[in-house]
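The values are calculated or read from the model by the stated rules, or taken from the named source; none is laboratory data. Every value quoted in this text rests on a predicted model; they were computed, and no experiment measured them. Positions of Cβ are generated from backbone atoms using ideal geometry, with glycine treated the same way; all protein chains shown enter the neighbour counts. Only protein heavy atoms, including side chains, enter the accessible area calculation; ligands, DNA and RNA are left aside. Shrake-Rupley method; radii C 1.70, N 1.55, O 1.52, S 1.80 Å.
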Amino acid sequence: MMKVPYLDLKSQYLSLQSDIHEELNKVMESSEFAGGSFVARFEKEFAAFCDCRHAIGVGSGTEALWFSLLALGIGPGDEVITVPNTFIATAEAISFCGAKPVFVDIEEKTYGMDPALLEKAITNKTKAVIPVHIFGHPVHMDPILSIAKAHGLSVIEDACQAHGALYKGKRAGSMGAAGCFSFYPGKNLGAYGEAGAVVTNDPKINAMIRSMRDHGQSKKYYHDVLGWNGRMDGFQGAILSVKLKHLPRWNDQRRRHAHRYTQGLSSLKNVIVPIENKEAQHVYHIYAIRTKDRDTLMQYLQEKGIHCGIHYPIPIHLQKVYSHANHTQGSFPISETCATEFLSLPMYPELTEEQVSYVIDTINDFYRKKKGIQGDL
Ligand SMILES: *Cc1c(COP(=O)(O)O)cnc(C)c1O
């Protein structure tokens, strides 16, 4: 039986092994372990890749979000609008500033923030909006940017799943006041540990976050503002520089696998495949289908050696940690329905043609068998 893991970080490592080892040796020789020139080099390269003036390497995507909010002056009493179908970090960053996360539902086609619902959620306490380029498909940025502008709100893009994605030719992360990236190992651009970055064109945000990630110091042991230890480490900077060169090709490979999945599954009436808007270039960090048979299909695939994921089983407004906000089932119906129906298929550049075919065939087999039993599917 063929095995298709959900992720396969090792095969990518093996394809880069000698370059990675060479760079890691340079870090050890120079002993630039925390921050330093390897991080600075990666920041330059990543800023250029995102068409932004600045990139600031930090410890994680969560920290990138938190620092961006702090740099915009967001704190207690403020509200920040985001979506319920995201990784918890988006909301945590808001809460850790002392602000309140306010949710708006997603639109059903791309699963991104629905701009038509944004205006209604704005109050006189709202300070910022965090659209999330979920799964690697960019959000409808133009309407969000123009609503935000009309109300004097900052836009922070959560681009943690969207390295290299495009919206009307612009890079995800480059359109708001700040764009936040995670280099968690499984992301489209992944470190070998924890790392993240903020990209921005705003010199003030750049200066603030640079200072904040390094204990608020303007020079060593002179602390001007309240800071934190949020530096990227040297090994991660070096590894990310090696890997960034391959990102466009890896994203192309993901897109190719995604198109094959979509072709192979689109005749199934009970499966909704992801779409790509005309003005968007999706980078398929996650290839999620929707089906009412999610749990039985997932089980069936597992028995056939295919491992899937669920992103995410519980929308944030229904998580225990946010129970104090008294959201109920039905508050954000599209996010809630999607949470019960999403199934993430194996997705990484190194998937083989045979593996993709096997996943497609096995899903088709599942529905053929189901039809055999029920007669009318
Ligand atoms: C991964 C992720 C984060 C957090 O990034 P970390 O590097 O794990 O802290 C935030 N938002 C989204 C949408 C993510 O997928």
- Note on the structure: Env charge @ Lys120, Cβ radius under 15 Å, K,R +1 / D,E -1, value -4
- Task: Would you mind computing, in nm to one decimal, how far apart the modelled labels at Leu14 and Lys219 are, each placed 7 Å from Cα along Cα→Cβ?
- Result: 5.2 nm
- For region 242-253, take each phi angle, set θ = phi - 60°, evaluate the Karplus expression 6.51 cos²θ - 1.76 cosθ + 1.60, and give the result in whole Hz per residue in order, putting x for glycine and proline. 4, 6, 4, 4, 8, 4, x, 5, 4, 5, 4, 5
- What accessible area per residue, rounded to a whole number of Å², is obtained for region 171-243 using a probe radius of 1.4 Å? 41 Å²
- Query: What is the count of Lys pairs in region 247-374 whose alpha carbons sit under 26 Å apart, if the two are 8 or more places apart or on different chains?
  - Reply: 14
- Return the loop-located trypsin sites (Lys or Arg not before Pro) in region 249-329 (DSSP other than H, G, I, E, B) with at most 15 other Cβ atoms within 10 Å of their own Cβ; answer none if there are none. Lys269, Lys278, Lys292
- Item | Along the chain, longest interval not containing exposed chymotrypsin sites (Phe, Trp or Tyr not before Pro), exposed being DSSP loop plus at most 15 other Cβ atoms within 10 Å | 34-220
- Message: Can you bin every Cα-Cα distance in region 247-374 into 10 Å intervals starting at zero and give me the percent of pairs per bin, rounded to whole numbers?
- Response: 12, 39, 31, 16, 3
- Message: On a full-extension model of 0.36 nm per residue, what is the gain between Tyr6 and His151, subtracting their alpha-carbon distance, rounded to one decimal in nm?
- Response: 48.0 nm
- What does the charge dipole of region 247-374 about its Cα centre add up to, to the nearest 20 debye, if the Cβ of each Lys and Arg holds +1 and the Cβ of each Asp and Glu holds -1? 240 debye
- Query: Taking a probe of 1.4 angstrom, what is the accessible area of Met28 in Å², to the nearest 10?
  - Reply: 90 Å²
- Query: Each residue of region 257-263 in order: what ³J(HN,Hα) in whole Hz does its phi give by Karplus 6.51 cos²θ - 1.76 cosθ + 1.60, θ = phi - 60°, with x for Gly and Pro?
  - Reply: 4, 4, 5, 5, 4, 4, 4
- Item | Cα gyration tensor, region 220-286 - rounded (a/c under 1.5), prolate or oblate | prolate
- Query: Where nothing but the Cβ of Lys and Arg (+1) and of Asp and Glu (-1) is charged, how large is the charge dipole of the chain around its Cα centre, in debye to the nearest 20?
  - Reply: 280 debye
- For the chain, what % of the accessible area comes from carbon and sulfur atoms, probe 1.4 Å? 54 percent
- With N residues in region 171-318, Rg(alpha-carbon) / (2.2 N^0.38 Å) equals 1.37
- Query: Rounded, prolate or oblate: which one fits region 6-84, using the alpha carbon gyration tensor with axes a ≥ b ≥ c (rounded when a/c is under 1.5, else prolate when a/b beats b/c, else oblate)?
  - Reply: prolate
- Message: Can you work out the Karplus-derived ³J(HN,Hα) for every residue in region 281-295? Use 6.51 cos²θ - 1.76 cosθ + 1.60 with θ = phi - 60°, whole Hz, and x for glycine or proline.
- Response: 10, 7, 10, 6, 4, 10, 9, 10, 9, 10, 7, 5, 8, 3, 5
- Item | Alpha-carbon Debye profile of the chain, log10 I(q)/I(0) at 0.14 Å⁻¹ | -1.21
- Query: Could you state the number of Å between the C-alpha centres of region 220-264 and region 48-75?
  - Reply: 13 Å
- Given the Cα-Cα distance of Trp228 and Ile275 and 0.36 nm per residue of separation, how much length would full extension add, in nm? 12.9 nm
- Note on the structure: Shape call for region 272-326, from the Cα gyration tensor axes a ≥ b ≥ c (a/c under 1.5 means rounded, otherwise prolate when a/b beats b/c, else oblate), comes out oblate
